[in-house]
1. Within a 10 angstrom radius of the beta carbon, how do HIS151, HIS119 rank from fewest other beta carbons to most?
2. Can you sort THR7, THR54, THR181 so the residue with the fewest Cβ neighbours within 10 Å comes first?
3. Using only DSSP helix segments of four residues or longer, with each worth -39500 (n - 2.57), what per-residue ellipticity at 222 nm results for the chain after dividing by its residue count and rounding to 500?
4. At a Förster radius of 30 Å, what calculated FRET efficiency corresponds to the Cβ-Cβ distance of SER107 and ARG13, to the nearest 0.05?
5. Name the chymotrypsin sites (Phe, Trp or Tyr not before Pro) in the stretch 193-228 that are in a loop by DSSP and that have at most 13 other C-beta atoms within 10 Å, would you?
6. Taking amide H positions as placed in the peptide plane 1.01 Å from N, state which residues far from SER197 in sequence (5 or more) or on other chains have amide H under 5 Å from it.
7. In whole Å, what is the distance between the alpha-carbon centres of the stretch 200-228 and the stretch 3-51?
8. Loop only by DSSP, 14 or fewer other Cβ within 10 Å of the Cβ. Give me the chymotrypsin sites (Phe, Trp or Tyr not before Pro) in the stretch 41-98 that pass, ordered by residue number.
Amino acid sequence: MRHFYDTSDYYDRELEKFSDLDSPFQRYRISKILRLHTPKATDRVLDLGCGWGTFCFALAPLCREVVGIDYSSKAVELCREFQKRHEGSNVTFRCASIEDTGELSSSFDAVLCADLVEHLYPELFEALVREAYRVLERGGKLVIWTPHRGHLLEILKAHNLLLKQDPSHVDFKSMARIVSTLQAHRFVIEKAYYDESHLPGFRHLERVLGGFFPLFRRRIAVLAEKQS
């Protein structure tokens, strides 16, 4: 998959959408992550699969340090280029594998995996959870935010109806699967819920109907803690 991200137009075609932190879509994403977990001023945060660096730049003013890691060299180059336009001397980017980040064990207060796990095959997801556990301090938080496969928009995408399927989404994880995997790796679940989408009209329907119908559950949000 690394070859796909480095040689395709994956990052270029979404460049404008993901590089503008003030766009409605990006404000939506950032607000949802902060609702799930807001780091403290003394925290070190590791953003795995940092992509365009959205969350790194958004979290930088709130915490002591942010490290963004992506195994795509193209992504890291873009992030470093964006960094010239953003304040954030406490942000660094590294090209590394998410299952072996090279970071010291027990050195982070939070690990962020936002819009990441749907890009990972099952064995890599397991490796990601192990690595997150290794680098987190005791009491550290693991944040997972990912699309829900059963949502109407994802079903349309899967059949290329109105919306195009994203070839990089290789394995959607259900809420139950995420929770059970984290628990199997000694994480304690603090929060687990479904988030609504950023679309104004649809968002209202999701809030009303999401508790009853999977078609209206847009995203999965999970917060877990390392306790031992």
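Each value in this text was obtained by applying a stated rule to the coordinates, not by laboratory testing. Values in this document were obtained by computation on a predicted structure and should not be read as measured data. Positions of Cβ are backbone-derived with ideal geometry, glycine not excepted, and every protein chain shown enters the neighbour counts.
1. Lowest to highest Cβ neighbour count: HIS119, HIS151.
2. Arranged by neighbour count, lowest to highest, THR7, THR54, THR181 become THR7, THR181, THR54.
3. Rounded to the nearest 500, the figure is -10500 deg cm²/dmol.
4. After rounding to 0.05, the efficiency reads 0.30.
5. Passing sites in the stretch 193-228 are PHE212.
6. Answer set, sorted by chain and number: ARG218.
7. The two parts, judged by their Cα centres, are 19 Å apart.
8. On the way: sites: TRP52, PHE55, PHE57, TYR71, PHE82, PHE93; in loops: TRP52, TYR71.
Nothing satisfies the criteria.
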